[in-house]
Amino acid sequence: MRLSFEYFPPRTARGETALLETARRLETFRPEFSSVTCGAGGSTDAERPPWRSTLATLRQLRANRLNAVPHLTIREDSEAGTKEALDHYLAEGASRLVALRGDAPGAGAGLTQSAETLVQRIRRHSADAFEIEVAGYPEVHPQAASPAADIENLKRKVDAGADGVITQYFYNLSAFLHFRDRARRAGVEAPITPGIMPLVSFSRILRFSAACGADIPRWIRQHLEALRNDQDALVEFGVEVVSRLCADLLAAGVPGLHFYTLNQWRATAAICRNLGL
Ligand code: FAD
């Protein structure tokens, strides 16, 4: 079973210390890799491409002997910009990438390039130096023209050279199983690893889910809302729900689990322990 943990580049010295603590604690579960996001949430800074922060965090984690790998976005980047990032990651010894179109301000509206183009660029520039993961959407990407168009887009990314798919998070097991079936029927043979988001905050999960189109089932929302002022009870509820989801996914034969840790370790560690990992 392939376990992986996702982190974002911290913005403060305190955040850096907290991330290293989180990564150190989660390393005890022996993840295959730890991935570092790139400009997630649509942050922009024209002077500094978002991969610069990803690279800095990747270096810190690798200096602490973690197998950190980058997320790379294309947004409106030129081919030369993509190559510059790839050269840095090759020099760092990263052997895997998560290749994404990227979020832009306003939920990505107006972006003209796609993750498929990014995968083509990576293969053109770096041949087989990287294993490439791309994103999949069990509950359909919010900008997809239709569920079928979304699966066709996934197939194009894999045909362009991706080795695996990591999904957006979800709390409906059947949405994932249905997505996996549809992908297989469309000819996507690459392993599909579910993305797992621990439930640790009512307001945060509502905000994320509104932006990325992941559904929070009514019963989960009701519980989180009722527990919003009792953090311990909320996390306990979330750990129970997400542990069961993960156990069901493992029973359904998924190749691994990819945790969106939000740079926090407690809930992710509790779920991993519940699963006997
Ligand atoms: P694409 O695969 O290019 O597609 C996006 C949507 O556009 C899909 O609905 C697709 O069907 C549609 N589409 C694309 N091309 C066409 C076409 N020709 N015709 C019709 N429809 C089309 N964002 C970040 O900014 N940084 C990160 O580090 C990051 N990490 C992520 C990690 C994972 C595992 C996941 C699941 C998402 C991550 N994201 C990240 C979010 C991601 O960037 C957004 O979901 C983005 O809106 C889409 O990226 P994509 O790579 O799926 O894009």
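Hey, does the range 121-133 have a residue that's surrounded by 18 or more Cβ atoms within 10 Å (Cβ to Cβ) and near the ligand (Cβ under 8 Å from one of its atoms)? Step through it out loud before you land on a result.
Going through the range 121-133, the residues surrounded by 18 or more Cβ atoms within 10 Å (Cβ to Cβ) turn out to be 121-122, 130, 132-133.
From what's left, near the ligand (Cβ under 8 Å from one of its atoms): 133.
Among the residues of the range 121-133, at least one is surrounded by 18 or more Cβ atoms within 10 Å (Cβ to Cβ) and near the ligand (Cβ under 8 Å from one of its atoms), which makes the answer yes.
How about the range 55-102: which of its residues are in a loop (DSSP other than H, G, I, E, B) and touching a Ser or Thr at 6+ places or on another chain (Cβ under 8 Å)?
In the first step, residues of the range 55-102 are kept if they are in a loop (DSSP other than H, G, I, E, B); the result is 64-67, 74-78, 93-95, 101-102.
L66, N67, I74, E76, R101, G102, listed by residue number.
One line per residue, one yes/no per condition, for (1) at pLDDT 95 or above; (2) surrounded by 16 or more Cβ atoms within 10 Å (Cβ to Cβ):
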residue	(1), (2)
G136	yes, yes
V140	yes, yes
A145	yes, no
A149	yes, no
V165	yes, yes
A183	yes, yes
F208	no, yes
P217	yes, no
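Look at the range 90-106 and say how many of its residues are surrounded by 15 or more Cβ atoms within 10 Å (Cβ to Cβ) and within 29 Å of P142 (Cβ to Cβ).
9
Inside the range 169-277, counting only helices (runs of 4 or more DSSP H) that do not spill past its ends, which hold 3 or more residues that are away from the ligand (no atom under 16 Å from the Cβ) and touching a helix residue (DSSP H, G or I) at 6+ places or on another chain (Cβ under 7 Å)?
Values: elements: 173-185, 202-212, 218-226, 231-251, 266-274.
Fully inside the range 169-277 and qualifying: 218-226, 231-251, 266-274.
Identify, from the list T112, T22, the residue that is within 16 Å of the ligand (Cβ to nearest atom), polar (S, T, N, Q) and either farther than 22 Å from L277 by Cα or assigned to a helix (DSSP H, G or I) (or both). It would help to see each step written out before you state the result.
On the way: T22 fails: within 16 Å of the ligand (Cβ to nearest atom).
T112 is the lone residue from the list that is within 16 Å of the ligand (Cβ to nearest atom), polar (S, T, N, Q) and either farther than 22 Å from L277 by Cα or assigned to a helix (DSSP H, G or I) (or both).
Among L58, L86, L66, which is the only one that is in contact with a Phe, Trp or Tyr (Cβ under 9 Å, 6 or more places away or on another chain), farther than 21 Å from V119 by Cβ, among the aliphatic types (A, V, I, L, M) and open to solvent by less than 60 Å² (accessible area, probe 1.4 Å)? Walk me through how you get there before you give the answer.
Values: L58 fails: farther than 21 Å from V119 by Cβ; L86 fails: farther than 21 Å from V119 by Cβ.
Being in contact with a Phe, Trp or Tyr (Cβ under 9 Å, 6 or more places away or on another chain), farther than 21 Å from V119 by Cβ, among the aliphatic types (A, V, I, L, M) and open to solvent by less than 60 Å² (accessible area, probe 1.4 Å) holds for just one of L58, L86, L66, which is L66.
The values are calculated or read from the model by the stated rules, or taken from the named source; none is laboratory data. Note that the structure is a prediction, hence the values are computed from the model and not measured. Reconstructed Cβ throughout: ideal geometry from the backbone, glycine too, with neighbour counts over all protein chains shown. To get the accessible areas, we keep the full protein, side chains included, count just its heavy atoms, and leave off ligands, DNA and RNA. Shrake-Rupley method; radii C 1.70, N 1.55, O 1.52, S 1.80 Å.
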